[in-house]
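Below: one structure, written as structure tokens.
The values are calculated or read from the model by the stated rules, or taken from the named source; none is laboratory data. Source: prediction; values computed, not measured. Note that we place each Cβ from the backbone using ideal geometry, even for glycine, and neighbour counts take in every protein chain shown.
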Amino acid sequence: MSRLRYQHAMWTAAALLGVGFLSWLAGASSIQAAALAVASVVAGAPIARKALAALRHRTFSIDLLVTIAVIGALIIGEYVESSVVAFLFLFGHHLEQRSLERTRASIRQLVDAAPTTARLLRDGVEVEVGIDEIREGSLVVVRAGDSVPVDGTIVSGVGHLQQASITGEPVPVERGEGDDVFAGTTLDNGFLTVRASKVGDDTTFARIIELVEDAQDSKAARQRFLDRFAAVYTPAIVVAAVLFGLVTRDVELALTFLVIACPGALVIATPVAMVAGIGNGARRGVILKGGDAVERLSEVDTMVVDKTGTLTVGHPVVTAVHALAGDADELLRLAGSLELASEHPLGRAIVAAGREHRLALEPPTQVEVRRGVGLTGLVGGVQVTVGSARALPDHEVPGDLLAGVGSFEDDGATVSFVVADGEVLGALAIADDLRPGAAEAMAALHLGGIRTIVMLTGDNERAAHAIAQRAGIDEVHAGLLPEDKVAHIERLVASGARVAMVGDGLNDAPALAAAHVGIAMGAGTDVSVETADVVLAGNRLDQLVHAQRLTRRTVRVMTQNTAIALVTVAVLLAGVVAQQVGMSLGMFVHEASVLLVILNALRLSAWRPRDFAAQTVATPADRRREVVVAA
């Protein structure tokens with residue numbers, strides 16, 4: 001049966017269940033019975049087909065167990081049970097199929113993101129060719145806005161490369177002659193000529209695609225408890241019912257044995273809890289991609305996190321202003337005005353800070369970019385320079401600035417000095433700041449059962465350790481490429497750890513796929529979001545805490561429901577064998593167990609962790625009060 005027809009059967013059964021419910025409210029019992037009986041047949045037909053297909057391969061599947069339950073309930077007139085059991089089983093299957101489709105889509109998006117053409121330099125002339133025509137040693141021209149099509153070395157030119165797709169670094173890095181570049185990175189500004197060293201499937205970007213494919217292929221679908229249970233239980237009950245009928249010569253008693261032995265509560269124990277848990281997460285911005293993701297996340301004991309865009313906000317901001325003369329606003333106004341002429345991410349961060357403080361920025365004139373130094377120009381007749389320590393007169397840092405600059409750098413920030421008419425005004429600290437609530441979230445994960453939290457990042461050691469210390473991370477590994485992250489996760493898995501990986505970038509996609517469960521920030525790349533098993537749509541780390549606690553709670557409820565169903569069946573079967581339980585009493589207890597399972601699962605709908613409050617995101621006004629520190 002095609003997937004579309006399978007869905008039609010599910011939604012048709014849902015509509016008929018609605019008709020049955022409305023008929024019950026109106027007291028139209030005949031219409032109710034007819035609607036539910038038809039719903040049972042519509043939903044039960046595809047399940048029965050799968051059961052028969054499995055039987056042809058001598059497999060006793062859960063589909064056979066459900067089919068027996070539906071047919072038995074129809075024979076004795078229990079239309080509510082037959083229709084609800086069949087519909088919920090179809091709905092659970094529907095959720096699993098959607099999860100698989102999204103996983104496969106991530107590989108297609110990775111392939112689509114790869115460059116398809118390049119500009120080759122042949123005898124001094126640029127020629128646009130297909131990516132498969134490039135050979136090792138070829139000279140490739142990269143202009144501003146282009147994606148680099150090969151791994152290689154710059155032979156001429158200079159520019160700023162956005163390497164987030166490979167290293168996860170939020171700030172474009174300056175690259176010039178002799179520096180290495182990676183395929184899949186983007187040139188923000190400048191002009192480069194690159195000699196190709198790795199092309200096609202050998203590039204770092206191509207390996208990212210391969211790693212995602214391999215990691216996803218290696219994750220076999222988890223064998224569900226009901227499938228294992230049904231393989232033994234289903235044939236045993238069928239044989240037992242036949243033997244029971246032959247011994248007692250009571251067909252009705254044998255049928256009672258068979259119907260009661262088919263545990264309706266067990267069939268819905270997992271799907272009802274799963275739907276309630278997934279719905280709870282969705283209402284709070286946590287997208288759990290199916291039951292398998294819920295089960296795997298509940299077992300995690302090691303949380304691996306990316307830095308840029310996950311623990312941090314993902315873009316540079318001004319985190320502190322150190323003004324020697326005490327006028328922080330004037331320092332920020334002059335620096336912001338000059339940086340209006342800059343397209344560098346650090347310059348844009350300074351402009352953004354000035355505008356957040358509602359300062360009167362004015363366009364500069366006579367602007368000059370001094371490589372390795374910074375930017376200089378006139379702002380309202382004042383000669384202003386913003387840049388590194390080389391921008392200072394005589395390249396010396398005034399003593400009053402040393403202590404402040406040292407603390408900024410220890411925190412992983414980049415320091416830009418501000419000079420006006422030859423006088424040093426102070427310095428600005430610019431960093432990819434810690435996401436609001438990150439430290440609280442890491443502490444809550446530890447309280448919730450996570451033994452170790454590990455940071456894997458492509459950023460530098462100093463910045464990584466500064467962020468890790470503030471966030472409460474247990475272990476840090478910096479300067480990593482995507483394959484290094486995957487290798488580290490594989491080592492953790494091999495050591496017996498149950499690993500969840502949290503990331504947001506294209507470079508995180510292979511690691512997300514390699515972990516037991518991948519968790520993506522909702523504002524991340526499409527590839528990371530599609531590769532992941534869980535998505536934090538609100539881009540907040542308190543949602544990570546909610547997801548981890550919710551999945552553990554959901555699995556606990558599933559276990560409780562399974563126990564309720566199995567104990568109920570065991571007691572009823574003992575009663576039938578002892579001829580103390582008849583059809584009416586058996587079905588009454590049967591229905592009671594189904595209701596108990598549903599009510600137990602519905603508790604998940606409103607559940608939330610009691611020991612962790614959602615963190616609020618700082619407003620621009622809050623951020624202004626936090627970052628400006630005048631000396």
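Observations on the model:
- Those residues of the stretch 436-452 which are touching a helix residue (DSSP H, G or I) at 6+ places or on another chain (Cβ under 6 Å) and not in a helix (DSSP H, G or I), in sequence order: Gly437, Gly448
- Within the stretch 143-161, the set of residues being in a strand (DSSP E or B) and not β-branched (Val, Ile, Thr) comprises Arg143, Ser147, Asp151, Gly152, Ser156, Gly157, Gly159, His160, Leu161.
- All positions within the stretch 467-488 that are closer than 24 Å to Ala206 by Cβ and in a helix (DSSP H, G or I): Pro482, Glu483, Asp484, Lys485, Val486, Ala487, His488
- Residue match in the stretch 28-38 (condition: more than 16 Å from Glu78 (Cα to Cα) and loosely packed, with under 14 Cβ neighbours inside 10 Å): no
- Filter pass, Glu343 being over 30 Å from Gly496 (Cβ atoms) and part of a loop (DSSP other than H, G, I, E, B): yes
- Residue among Val367, Val379 that is surrounded by fewer than 18 Cβ atoms within 10 Å (Cβ to Cβ), hydrophobic (A, V, I, L, M, F, W, C) and farther than 22 Å from Leu434 by Cα: Val367
- Some residue of the stretch 400-419 being in a helix (DSSP H, G or I) and at pLDDT 85 or above: no
- Within the stretch 49-82, the set of residues being of a type in the set (Ser, Thr, Tyr), out of contact with any Leu (no Cβ under 6 Å at 6 or more places or on another chain) and assigned to a helix (DSSP H, G or I) comprises Thr67 only.
- Residue check, Ala413 under 18 Å from Glu174 (Cα atoms) and not assigned by TED's automatic domain parsing to the domain that holds Ala466: yes
- For Ser83, the conditions (1) touching a helix residue (DSSP H, G or I) at 6+ places or on another chain (Cβ under 6 Å); (2) over 22 Å from Leu258 (Cα atoms); (3) at pLDDT 80 or above are fulfilled apart from (2).
- The one condition in (1) surrounded by 14 or more Cβ atoms within 10 Å (Cβ to Cβ); (2) under 26 Å from Leu340 (Cα atoms); (3) touching a Pro at 6+ places or on another chain (Cβ under 9 Å) that Gly422 fails to fulfil: (1)
- Single match in Ala466, Ala487 (criterion: more than 11 Å from Val304 (Cβ to Cβ) and either without any contact (Cβ under 8 Å) to a residue 40 or more places away in the chain or touching a His at 6+ places or on another chain (Cβ under 8 Å) (or both)): Ala487
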